[in-house]
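Accompanying notes for the structure given below.
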Amino acid sequence: MADANLIKSTDVAAKVADVEFVRAFDEDIRKLVEMLAVFKPIRRAPNTALKYYETSGTLESGTVAEGEDIPLSKYTRSGEHIVSLGWNKWAKSTTLEAISANSYREAVVETDKKFLSDIHKKFRTDLYNFLKTGTGAVKLGGNTAVSAPNLQQTLANIWAQMQLDFEDTEASPLYFANPVDLAKYLGTANITTQESFGMKYIHDFLGMYDMVLASDIPAGTIITTPRENLHLYYASANEAEGFGFEVSDETGYIGIHHEPTYKNMTFQTYAVSAMTPFCDYLDKIYKTTIAYSA
């Protein structure tokens, strides 16, 4: 009978796989945070209710005659429940036969990379879907939304709107666009794009704009918001007590666990995360349409 303290191949391989998988994710999520500059990560407990709050009111006149009561300026603050910060859970199972025929690295580690890539893609999709819920519009001081016949003028209009809305505060615009619209503007011109977290972006486009290119953004639509408006709310995988998830550091963006299941001779990969993009102001996420001429 083998000694109970004997270290088996599954004991070593599982731990190595945990660390390798988690470190890869941690590196990529940090690249995303760096790319968005102030896409501020904020840690909250699992199942925290996230709400948008809106403050409204009117400043009364400060012209008060001598001895008269000063009129009160009334402000109210209301909150609307949007979403709870819940766990996302994924699992992958690999058979003994697959590992024997292809090696542990090919059957488990390499497929883990695709597993990880799909988790990345889900978060990117969540981010873009969230941006589409923005309610801001480019009106440039008018009552109706304005549009422009090309990408350059559209970007200029959005930039002007943000100058009006953020005249007294700091705002660093980030523009999200479909690559098709960039191609229509550039034609055959060459342009250098960077890539981070699977997202292509252009720094200082036309000397003014930082753009993220994504097919998830509908062609003909530009979405813009200040970087300062974007946040990443997350719960640490460390808080999934009792499950033994491996996390790379104290942030715990994602937890990973590997273990063999002997009753059916398979090797399991489990992943959990609780992350959601959020913003301070939905009406400061601007959506505008390029009015291409026929």
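The values are calculated or read from the model by the stated rules, or taken from the named source; none is laboratory data. Note that the structure is predicted; figures quoted are calculated from it, not measured. No Cβ is skipped: glycine too gets one built from the backbone with ideal geometry, and neighbour counts run over all protein chains shown.
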Looking only at the range 172-189, how many residues end up being part of a loop (DSSP other than H, G, I, E, B) and either within 17 Å of Gly207 (Cα to Cα) or modelled with pLDDT under 85 (or both)? 4
Within the range 206-219, work out how many residues are within 17 Å of Trp159 (Cα to Cα), outside any strand (DSSP E or B) and in contact (Cβ under 8 Å) with a residue 12 or more places away in the chain. 2
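Yes or no: the range 249-260 includes at least one residue that is β-branched (Val, Ile, Thr) and farther than 24 Å from Lys121 by Cβ. Don't jump to the end; show me each part of the working.
Let us first name the residues in the range 249-260 that are β-branched (Val, Ile, Thr), namely 251, 254, 256.
This time we only want the ones that are farther than 24 Å from Lys121 by Cβ, so: none.
Within the range 249-260 (the criterion being β-branched (Val, Ile, Thr) and farther than 24 Å from Lys121 by Cβ), the answer is no, since none of the residues qualifies.
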Might you let me know whether the range 46-62 holds any residue that is of a type outside the set (Lys, Arg), modelled with pLDDT of 90 or more, farther than 15 Å from Phe278 by Cβ and surrounded by 10 or more Cβ atoms within 10 Å (Cβ to Cβ)? no
When every residue in the range 194-210 that is touching a Lys or Arg at 6+ places or on another chain (Cβ under 9 Å) and surrounded by 15 or more Cβ atoms within 10 Å (Cβ to Cβ) is compared, the one modelled with the highest pLDDT is Asp210
How about the range 21-45: which of its residues are out of contact with any strand residue (DSSP E or B) (no Cβ under 9 Å at 6 or more places or on another chain) and at pLDDT 70 or above? Arg23, Ala24, Glu27
Checking the structure you have, find out if any residue of the range 247-255 is assigned to a strand (DSSP E or B) and either farther than 18 Å from Ala17 by Cβ or touching a helix residue (DSSP H, G or I) at 6+ places or on another chain (Cβ under 9 Å) (or both). yes
Complete set of residues in the range 145-181 that are under 13 Å from Lys287 (Cα atoms) and β-branched (Val, Ile, Thr): Val146, Thr154, Ile158
Could you look through the range 59-103, keep only residues that are of a type in the set (A, V, I, L, M, F, W, C) and part of a loop (DSSP other than H, G, I, E, B), and pick out the one that is farthest from Ala235 (Cα to Cα)? Ala65
Reported set for the range 115-170 where residues are basic (Lys, Arg) and within 19 Å of Ile290 (Cβ to Cβ) is Lys132, Lys139
Are there any pairs with C-beta distances below 8 angstrom linking a residue in the range 264-288 that is within 30 Å of Gly220 (Cα to Cα) to a residue that is surrounded by fewer than 18 Cβ atoms within 10 Å (Cβ to Cβ) and of a type in the set (Gly, Ala, Ser), with the two at least 6 apart or on different chains, and if so which? Tyr286/Ala137; Lys287/Ala137; Thr288/Ala137; Thr288/Ala145; Thr288/Ser147
